[in-house]
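*Asks:* Got a structure for you, questions after.
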Amino acid sequence: MSFGKYFSVFNKLTASEQEALLNETVLRRVPAGTLITAGSDSCIGVVVVRSGQLREYITSEDGREMTVARLFGHDISILSASCIMNSINFDIYLSAEKDSEFWVIPPQLYRQLVEKSAPLANYTNRLLAASMTDIMWMAQQVLWKGIDRRLAHFLLDESAIEDSLTLKITHEAIAGHIGTAREVVTRMLRTFQSDGLVKLSRGCIEIIDIEKLEELDE
């Protein structure tokens, strides 16, 4: 499918605006594990996901990570163009969790189009509002939910994404998603195992009692 099918506001742009996007937008393919952007020093532009799975996250001063959003086909990262967004004053990192394809709209082109196109400006404001909502939700999880509930929520989300009760993921990776230390995740997973919620093996977590996890996530 073409770029226009993935960028939903495309058909509301003028012919010249569409042509500029098609001429300058670049399709990239990256393997799992690729760091795509690393904060404000690598503002690559707006990312439109074609396939695969990307992760937006922030880092603390001590290097601890926490996931803001996970992006799939047709999703858009406006935060990857933070250098042209006056309302974004923090560093966002973007990496590929799986082999992925995505288009990159250069930041200067996007800025120029936003200044001329009311449909694109409105669309961009909606994307920013959705991203800020994700960030506020993340902050609320850290402030008001215990690590047990955050871990339960992550395991349920990961199970839904992978469509499997067996999750091949490390404790360190989970810690990066929910904003805590690996040792904390390991201790809590062992508690979950003792309570019969999960079964642990090397690099793998099997969900045994999904209903109890759901109760914990409420």
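Values quoted throughout were computed directly from the atomic coordinates according to the rules given, and no laboratory measurement underlies them. Note that this is a predicted model, so its numbers are computed, not measured. Neighbour counts run over all protein chains shown; Cβ positions are idealised from the backbone, glycine included.
*Asks:* Give the cysteines in the chain for which no other Cys Cβ lies under 4.7 Å away, or write none if there are none.
*Replies:* Cys204 - these cysteines have no disulfide-compatible partner (Cβ-Cβ under 4.7 Å) in the chain.
*Asks:* Oh, and also: Would you kindly derive the ³J(HN,Hα) couplings of the stretch 51-63 from the backbone phi angles with the Karplus curve 6.51 cos²θ - 1.76 cosθ + 1.60 (θ = phi - 60°), listing them in order in whole Hz, with x for Gly and Pro?
*Replies:* Taking θ as phi minus 60°, the curve returns 7, x, 8, 10, 10, 9, 8, 10, 10, 8, 4, 8, x Hz for the stretch 51-63.
*Asks:* For the stretch 200-213, take each phi angle, set θ = phi - 60°, evaluate the Karplus expression 6.51 cos²θ - 1.76 cosθ + 1.60, and give the result in whole Hz per residue in order, putting x for glycine and proline.
*Replies:* Karplus values, whole Hz, x for Gly and Pro: 9, 8, 4, x, 8, 10, 9, 7, 9, 10, 5, 5, 5, 5.
*Asks:* Also, quick follow-up: Kindly provide the helix-only [θ] at 222 nm of the chain, computed as the sum of -39,500 (n - 2.57) over DSSP H runs of four or more divided by all residues, to the nearest 500 deg cm²/dmol?
*Replies:* The helix contribution divided over the chain gives -13500 deg cm²/dmol.
*Asks:* Rounded if a/c is under 1.5, else prolate if a/b is larger than b/c, else oblate: which is the stretch 145-217, with a ≥ b ≥ c the root eigenvalues of its Cα gyration tensor?
*Replies:* Taking the square roots of the gyration eigenvalues as a ≥ b ≥ c, the stretch 145-217 is rounded.
*Asks:* Separate question: Name the residue, out of Gly176, Gly33, Gly63, whose mean-square fluctuation peaks in a Gaussian network model built on the chain with Cα pairs under 10 Å.
*Replies:* Gly63
*Asks:* At q = 0.12 Å⁻¹, what is the base-10 log of I(q)/I(0) for the stretch 3-143 according to the Debye formula with one equal point scatterer per Cα and no solvent? Please give it to two decimals.
*Replies:* Debye intensities relative to I(0), on a log10 scale: -0.46.
*Asks:* Quick one: Arg70, Arg126, Arg55, fewest Cβ neighbours within 10 Å first, how do they rank?
*Replies:* Lowest to highest Cβ neighbour count: Arg126, Arg70, Arg55.
*Asks:* Hey, another quick one. Once amide H atoms are built 1.01 Å from N in the peptide plane, which residues 5 or more positions from Thr59, or in another chain, come under 5 Å H to H?
*Replies:* Amide H neighbours of Thr59, under 5 Å, 5+ apart: none.
*Asks:* Related question: Expressed as an acute angle from 0 to 90° and rounded to the nearest 10, what is the orientation of the C-alpha long axis of helix 147-162 relative to the principal long axis of the chain?
*Replies:* Long axis of 147-162 versus the principal axis of the chain: about 60 degrees.
*Asks:* Read phi for every residue in the stretch 65-73 and hand back ³J(HN,Hα) as whole Hz from Karplus 6.51 cos²θ - 1.76 cosθ + 1.60, θ = phi - 60°, with x for Gly and Pro.
*Replies:* 9, 8, 6, 8, 7, 10, 10, 10, x
*Asks:* Let me ask another. For the residues Leu213, Leu54, what sequence is obtained by ranking on other C-beta atoms within 10 Å, fewest first?
*Replies:* Leu213, Leu54
*Asks:* So which of Lys5/Lys116; Lys5/Lys145; Lys145/Lys168; Lys12/Lys168 end up more than 31 Å apart by C-alpha?
*Replies:* Where the Cα-Cα span goes over 31 Å, the pairs concerned are Lys5/Lys145; Lys12/Lys168.
*Asks:* If packing is taken as the average count of other Cβ atoms within 10 Å, what order do 141-147, 119-125 fall into, highest mean first?
*Replies:* 119-125, 141-147
*Asks:* Amide H neighbours of Gly73 under 5 Å, at least 5 residues apart or on other chains, H built in the peptide plane: list them.
*Replies:* Gly52
*Asks:* Suppose every Lys and Arg Cβ carries +1 and every Asp and Glu Cβ carries -1, with no other charges. What dipole size does the chain come out with about its Cα centre, to the nearest 20 debye?
*Replies:* Dipole magnitude for the chain comes out near 380 debye.
*Asks:* What do you get for the angle between helix 118-144 and the principal long axis of the chain? Use alpha-carbon atoms, 0 to 90 degrees, nearest ten.
*Replies:* Compared with the principal axis, the helix lies near 20 degrees.
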